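First the structure, in the form of structure tokens, and then the observations on it.
The values are calculated or read from the model by the stated rules, or taken from the named source; none is laboratory data. Since the structure is predicted, the reported quantities are computational estimates derived from the model, not experimental observations. Cβ sites come from the backbone with ideal geometry, for glycine too, and all protein chains shown count toward neighbours. Each accessible area value is taken on the protein alone, full model and side chains, heavy atoms only, with ligands, DNA and RNA left out. Shrake-Rupley method; radii C 1.70, N 1.55, O 1.52, S 1.80 Å.
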Amino acid sequence: MYMCVNGQIEFKIMPENKKILIRNMYKKGQNISARSEVDKRLVESGFIKKGLLMQAKVETKAVVERHNQIEKYMRFMETKGYRCVAANMDMAAEIEEMLVDNTIVEDYDLSHTFEEMQDEIKRGAYLCILDKENQICAASIAFVKNNIAKGMAVAVREQFRMNGFAPVLLYERCKILHERNIQYLQGWGLNDNIASLKYHKKMGYKFTDKYADEWLLGKKED
């Protein structure tokens with residue numbers, strides 16, 4: 001839902017039986033004083049600011065062309081028993097749990113119905129890297145809407161980090177999207193996650209002038 005308020009007029013948002021997330025999106029330098037007033041009212045209502053997000057996007061064709069050396073590395077991975085595959089329904093639930101446990105992804109970032117999950121799986125939204133025992137080592141999720149892919153998260157299990165799995169997932173994702181004539185992959189990242197920002201810049205992402213403040217209100221107590 002959209003929230004249309006005047007920050008100079010007092011308003012109160014009461015807790016419900018589930019969390020309430022407000023994502024206030026804006027362009028850099030836009031409506032600073034008005035946002036400050038709204039922020040003040042949200043704090044008065046008990047909201048906690050979860051973070052400041054920055055939007056970034058990358059051209060899928062550019063990733064495929066610029067990082068095609070990853071194809072060679074993927075063949076090397078296969079000799080070690082690793083392979084990149086589209087996840088099935090059984091894997092999807094484990095992937096979502098892994099993303100929430102191992103990254104800065106919140107449970108509300110992956111809120112969708114069982115039917116929606118099924119549809120996204122059929123479209124290849126869930127990618128993962130498996131080892132020779134079929135254990136999920138790394139995974140990513142990206143949903144396509146209005147012919148733009150929206151990357152939700154990438155996670156690599158602790159014991160498999162430093163193996164270059166994140167670039168492999170991004171390359172494979174962009175290759176699939178490019179074959180579907182989807183030009184851009186975009187996503188949001190926390191402005192203080194320096195490692196993530198450096199990685200995305202290295203892979204060719206460009207940051208736009210769009211930002212979002214995330215505010216969360218916990219569910220009411222019984």
**Prompt:** By Kyte-Doolittle mean hydropathy of at least 0.5 and Cα axial length of at least 30 Å, which whole DSSP H helices of the chain are selected?
**Reply:** none
**Prompt:** Each residue of segment 147-152 in order: what ³J(HN,Hα) in whole Hz does its phi give by Karplus 6.51 cos²θ - 1.76 cosθ + 1.60, θ = phi - 60°, with x for Gly and Pro?
**Reply:** 6, 10, 8, 10, x, 8
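Taking the mean number of other Cβ atoms within 10 Å as a proxy for protection, how do you rank 140-146, 52-58 from highest to lowest?
Details: 140-146: 17.1, 52-58: 19.1.
Final packing ranking: 52-58, 140-146.
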**Message:** What whole-number distance in Å separates the alpha-carbon centres of segment 54-94 and segment 173-203?
**Reply:** 12
**Message:** If you roll a 1.4 angstrom probe over the protein chains with everything in place, what fraction of the accessible area of segment 181-222 belongs to carbon and sulfur, to the nearest %?
**Reply:** 47
**Asked** When ligands, DNA and RNA are left out and all protein chains stay put, how many square angstrom of accessible area per residue does the chain have with a 1.4 Å probe?
**Response** 62
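Counting pairs of alpha carbon atoms under 8 Å apart in space and at least six apart in sequence, what relative contact order in percent does the chain give? Could you put the intermediate results ahead of the total?
Numbers: 331 pairs, mean separation 88.2, N = 222.
For the chain, the relative contact order is 40 percent.
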**Asked** In the set (1) 19.2, 64; (2) 18.8, 60; (3) 16.9, 51, which value of Rg and Dmax of the Cα atoms in Å was calculated from the structure you see?
**Response** (1)
**Item:** Under 14 Å, Cβ to Cβ, from Ile176 - net charge with Lys/Arg +1 and Asp/Glu -1
**Value:** +2
**Request:** Kindly rank 80-90, 25-35, 126-136 from highest to lowest mean number of other beta carbons found within 10 Å of each residue.
**Result:** 126-136, 80-90, 25-35
**Amide H contacts of Val144 (H built 1.01 Å from N, under 5 Å, at least 5 apart or other chain)** = Lys150
**Complete:** Summing +1 per Lys or Arg and -1 per Asp or Glu among the other residues with Cβ less than 10 Å from Val144's Cβ gives +3
**Item:** Radius 15 Å from Cβ of Val63, net charge of other residues (Lys, Arg +1; Asp, Glu -1)
**Value:** +4
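Check each of the GluC sites (Glu not before Pro) in segment 11-113 and keep only those in coil by DSSP with at most 11 other C-beta atoms within 10 angstrom; list them in order. Intermediate results must be reported in sequence, preceding the final value.
Values: sites: Glu16, Glu37, Glu44, Glu59, Glu65, Glu71, Glu78, Glu94, Glu96, Glu97, Glu106; in loops: Glu16, Glu106.
Sites meeting the loop and neighbour criteria: Glu16.
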